[in-house]
Amino acid sequence: MTRIKSLTVLLLAGAGLAGAAQAAPHAPAAKLTMAQARAIALKAAPGKLISGEYENEDGGWRYSFDIQQRGHIQEIGVDANSGKIVENKSEGRVDKDAETKGR
């Protein structure tokens with residue numbers, strides 16, 4: 001998945017999101033907070049939150065979360081203004097986005 005002007009929020013093992021998200025240089029203010037979007041994502045896909053970010057994808061700003069579920073990573077995208085789920089897909093056993101970022 002292509003990520004443009006994304007802000008990655010690192011997670012501490014077992015501690016949830018580490019710190020508050022800071023706005024990217026040209027990121028508009030979102031109506032939802034990261035915490036509100038995270039709650040929506042975890043309701044849609046219960047599991048252990050691995051990562052979260054505020055990103056511009058396909059011309060719209062959203063929060064994107066990778067959630068570890070039984071045997072796979074589920075990616076949930078939450079519209080930053082409406083709170084609507086805009087993506088809900090399995091990424092397989094490992095986070096493919098994290099693998100490509102590490103190269």
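Pulled fully out, how much extra length does the chain show between Lys43 and His72, if you take 0.36 nm times their separation in residues and subtract their Cα-Cα distance? The partial results should precede the final answer.
Working: separation 29, 0.36 × 29 = 10.44 nm, distance 1.67 nm.
Here the answer is 8.8 nm.
With a cut-off of at most 16 other beta carbons within 10 Å, and DSSP calling the residue loop, which trypsin sites (Lys or Arg not before Pro) in region 52-93 qualify? Please list them.
On the way: sites: Arg62, Arg70, Lys84, Lys89, Arg93; in loops: Arg70, Lys84, Arg93.
Counting only loop positions with at most 16 other Cβ atoms within 10 Å, the trypsin sites (Lys or Arg not before Pro) in region 52-93 are Arg70, Lys84, Arg93.
Expressed in nm to one decimal, what extension gain is obtained for the pair Val86 and Ala35 from 0.36 nm per residue of sequence separation less their Cα-Cα distance? Can you show the working numbers first?
Working: separation 51, 0.36 × 51 = 18.36 nm, distance 1.70 nm.
Separation in residues times 0.36 nm, less the Cα-Cα distance, equals 16.7 nm.
We did not get these values from a lab; they are worked out from the coordinates using the rules stated. Computed from a predicted structure; not experimentally measured. As a convention, Cβ positions derive from the backbone with ideal geometry for all residues, glycine included, and neighbour counts pool all protein chains shown.
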